[in-house]
Amino acid sequence: QVQLVESGGGLVQPGGSLRLSCAASGSLFSIYTMGWYRQAPGNQRELVAGITRFGSTNYADSVKGRFTISKDNAKNTVYLQMNSLKPEDTAVYYCNARVPTWSSWGQGTQVTVSS
């Protein structure tokens, strides 16, 4: 499997922006389907955005038009650009890498949107 390390979380005011990064180990990054998930207290973990090995993307309805997922295969890194943040975006954000036979998770990074 693969080791994933997220970074970029923090405290931001409503309407602000953050960019999350997830660095993956190994040399097979380009074949993974990558995703960003989030989990708020008392809620189930939910998919925020995903990107396939071919660059196709999908988003949760709640973040469409505000969040953008991208990846840099040369740097083994996937990003989540989050704009127009809302208090309801507050959660721990997790990076996920998967292929048909396994799935790996990062340790998570806290995003807090509050004034």
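The values are calculated or read from the model by the stated rules, or taken from the named source; none is laboratory data. Computed from a predicted structure; not experimentally measured. Because the Cβ atoms are built from the backbone with ideal geometry, glycine has one as well, and the counts that use them run over all protein chains shown. Remember, those area values only see protein heavy atoms, side chains included, never the ligands or the DNA or RNA. Shrake-Rupley method; radii C 1.70, N 1.55, O 1.52, S 1.80 Å.
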> Say each of T101 and K86 gets a label point 7 Å from the Cα, pointing the same way as Cα to Cβ; how far apart are those two points in nm?
Replying inline: 4.2
>> I want to verify a result. In a Gaussian network model of the chain, Cα cutoff 10 Å, which of these has the top mean-square fluctuation: L20, L80, L11?
In response: L11
>> For Q13, project a label point 7 Å along Cα to C-beta. Then give me every residue of the range 44-86 with its amide nitrogen under 16 Å of that point.
In response: 84-86
>> What distance in nm separates the two pseudo spin-label positions at A23 and R53, each 7 Å out from Cα along the beta-carbon direction?
In response: 2.4
> Counting only heavy atoms of protein chains, what accessible area per residue, in Å², does the chain have with a probe of 1.4 Å?
Replying inline: 52
>> Within the chain, what whole-number % of the accessible surface is contributed by carbon and sulfur, with the 1.4 Å probe and all protein chains included in the calculation?
In response: 47
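Kindly sort T101, T77 by accessible area of their heavy atoms, largest first, with the probe set to 1.4 Å. If you can, show how the numbers build up before the last one.
Details: T101 120, T77 15 Å².
Descending accessible area places them as T101, T77.
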> Hey, any idea what Rg/Rh is for the chain, computing Rh the Kirkwood way over Cα pairs?
Replying inline: 0.95
> For the chain, modelled as a Gaussian network with Cα springs under 10 Å, which listed residue fluctuates most, R66, R98, R38?
Replying inline: R66
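In the neighborhood of V113, defined by Cβ-to-Cβ distances under 10 Å, what is the net charge if each Lys or Arg adds +1 and each Asp or Glu adds -1?
Working: positive: K86; negative: E88, D89.
Surrounding charge for V113 is -1.
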> Fully extended, how many nm does the chain gain between Q3 and S70 (0.36 nm per residue separation, minus their Cα-Cα distance)?
Replying inline: 22.3 nm
> Roughly how many debye, to the nearest 20, is the charge dipole of the range 16-95 about its Cα centre, given +1 on each Lys and Arg Cβ, -1 on each Asp and Glu Cβ, and no other charges?
Replying inline: 140
> Taking K86 as the anchor, which aspartates and glutamates have their alpha carbon closer than 15 Å to its alpha carbon, excluding any fewer than eight residues away along the same chain?
Replying inline: D61
>> Pick from F54, F67, F29 the residue whose mean-square fluctuation is largest in a GNM of the chain, springs joining Cα atoms under 10 Å.
In response: F54
